[in-house]
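**Student:** I have a structure here, written as structure tokens, and I will follow up with some questions on it.
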Amino acid sequence: MKALLEINNYQGQLQKPINSGFNASSTASDVIKSIDLTGKIAIVTGGNAGIGLETTKVLAAAGATVIVPARDTEKAKKNLEGIANVELAAMDLSDLASIDAFAEEFLASGRPLHLLINNAGIMWVPLRRNNRGIESQLATNYLGQFQLVARLWPALKQANGARVVNVSSQGHQFADFNFEDPNFLHREYETLQAYGQSKTANNLFALELDNRSKAYHVRAYSLHPGSIHGTELGREAPLELFQQMGFCDAEGNILLEVVASLKTIPQGAATTVWCATNPLLNNIGGIYCEDVEVALLATGVPGTSGVQPYSLDEANAKRLWTLSEEMTGITFQVD
């Protein structure tokens, strides 16, 4: 056991495929076949739309009780209608008080937490700041996630076998984490840089969390779900940005080769569900996954597959943990 605990993924030393038996076309239903989650408790942020909704459906169908915290509970209620084993709660990831209230309510129930799926996020939005002055993509995609895990830590530890899954993105390749100016106070705001920074933070957090929490039987993962057709994630992005990324022509029509490369929503949720439930990962964590497999380290330019080494760097991971405590006002002591 001690030898297993000493293994970590700092500098990406575990980033090698493990022959999962699945691939980019596998669906969430494919990867959860034969897995029984009866008696397990899961929380899926953003679990009422897109790949989060698909994740909620398949975990609930496998027997888990799934709690879905949502900012717009009326919209969420409609989307979740008819799905058994689902509970709806209110939470806004950009609001620290809202996260605390949700976590306190869950902890008061006395239940363990077996799966925490940090799926909710925003992408390519204009410059906004939350009520504490933090840039919105960093606040929602990462700092809210850090706070939620910290507040729910007692329930994760109580499960005596839990997983935390951070839905990151290939977009982490847009930017390393800028420790000098994470809030764009002294540099021009660039939405791709802000998004990339927030997703690099997801990876660094999973890396450091896993190393600190595995002694308590809590493992952590980050992942790229794929480029997916039919989600609402890019709804605020300007057309020029999609054209710049090579997704659309001059008239705004999505290119046929891009459409052909996109995953369906069930395929997009597959890697999340695999990271949350597959027994092959029982003794490995802190890894970044894509296409239902442990990803390789990236060697090419941004936009290629794999994970950038800077987002698995030990010094960056430890530095980010300390900065996250300062920015949230939370001391996250894993013990």
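Here, each number is a calculation from the coordinates, and none is a lab measurement. This structure is a prediction, so every number in the text was calculated from the model and none was measured. All Cβ positions, even for glycine, are placed from backbone atoms using ideal geometry, and neighbour counts span all protein chains on display.
**Student:** State the answer as a single residue: which of ALA62, SER94, PHE106 lies farthest towards the positive end of the charge dipole of segment 46-107, with beta carbon charges of +1 for Lys and Arg and -1 for Asp and Glu, about the Cα centre.
**Tutor:** It is ALA62, whose Cα lies furthest towards the positive end.
**Student:** Give me the distance in nm between label points sitting 7 Å out from Cα along the Cα-to-Cβ direction at PHE332 and ILE18, one decimal.
**Tutor:** Placing both labels 7 Å beyond Cα along the Cβ direction yields 2.2 nm.
**Student:** Find the Cα radius of gyration of segment 1-95, compare it with 2.2 N^0.38 Å by division, and give the number to two decimals. If you can, show how the numbers build up before the last one.
**Tutor:** On the way: Rg = 16.7 Å, N = 95, 2.2 N^0.38 = 12.4 Å.
After normalising by residue count via 2.2 N^0.38 Å, the value is 1.35.
**Student:** Under 21 Å from the Cα of LYS75, which lysines turn up, not counting those fewer than eight places away in the same chain?
**Tutor:** Leaving aside lysines fewer than 8 places away in the same chain, those within reach of LYS75 are LYS57.
**Student:** Okay, next question. Once every DSSP H run of n ≥ 4 in the chain is given -39500 (n - 2.57) and the sum is divided by its residues, what mean residue ellipticity at 222 nm do you get, rounded to the nearest 500 deg cm²/dmol? Numbers along the way, then the final one.
**Tutor:** On the way: 12 runs with 119 residues, N = 335.
Helix contribution divided over all residues of the chain: -10500 deg cm²/dmol.
**Student:** Under the definition of Cα pairs under 8 Å and six or more residues apart, what whole-number percent is the relative contact order of the chain?
**Tutor:** Details: 676 pairs, mean separation 79.2, N = 335.
Over the chain, the number comes to 24 percent.
**Student:** Suppose every Lys and Arg Cβ carries +1 and every Asp and Glu Cβ carries -1, with no other charges. What dipole size does segment 287-334 come out with about its Cα centre, to the nearest 20 debye? Numbers along the way, then the final one.
**Tutor:** On the way: 2 positive and 7 negative charges, 32 e Å.
So the dipole magnitude of segment 287-334 works out to roughly 160 debye.
**Student:** What does the convex hull of the alpha-carbon atoms of segment 263-310 project to on average, in nm²? Each step should come with its number before you reach the end.
**Tutor:** Working: hull surface 15.7 nm².
The Cα convex hull of segment 263-310, projected and averaged over all directions, gives 3.9 nm².
**Student:** Now for a different question. Let me spell out the model: positive unit charges on the Cβ of Lys and Arg, negative unit charges on the Cβ of Asp and Glu, origin at the Cα centre of the chain. What dipole size does that give, in debye rounded to 20?
**Tutor:** Details: 25 positive and 35 negative charges, 193 e Å.
Computed about the Cα centre, the dipole is about 920 debye.
**Student:** Can you list residues whose amide H is under 5 Å from ALA220's amide H, if they're 5+ apart or on another chain and H is modeled 1.01 Å from N?
**Tutor:** Residues meeting the criterion, in which the H sits 1.01 Å from N, are VAL164, ASP210, GLY286.
**Student:** Cβ neighbours within 10 Å, averaged per peptide: list 82-95, 105-118, 11-24 in order, most packed at the top.
**Tutor:** On the way: 82-95: 17.1, 105-118: 19.3, 11-24: 14.8.
Per-residue mean Cβ counts within 10 Å order the peptides as 105-118, 82-95, 11-24.
**Student:** Hey, another quick one. In whole Å, what three semi-axes, largest first, describe the equivalent ellipsoid of the chain built from its Cα gyration tensor (square root of 5 times each eigenvalue)? Intermediate values should be presented prior to the final figure.
**Tutor:** Details: eigenvalues 138, 106, 96 Å².
Value: 26, 23, 22 Å, ordered largest first.
**Student:** Which one of ASN85, TYR195, ALA120 has its Cα pushed farthest toward the positive end of the charge dipole of the chain, where Lys and Arg give +1 and Asp and Glu give -1 at the Cβ?
**Tutor:** So the residue we want is ASN85.
**Student:** With +1 on each Lys and Arg Cβ and -1 on each Asp and Glu Cβ, how big is the dipole of segment 83-176 about its Cα centre, in debye rounded to the nearest 20?
**Tutor:** Values: 7 positive and 8 negative charges, 35 e Å.
In debye, rounded to 20, segment 83-176 gives about 160.
**Student:** Taking R0 as 56 Å, what's the FRET efficiency between LYS33 and HIS186 from their Cβ-Cβ distance, rounded to 0.05?
**Tutor:** Numbers: r = 51 Å, r/R0 = 0.91.
The pair LYS33/HIS186 has a calculated efficiency of 0.65.
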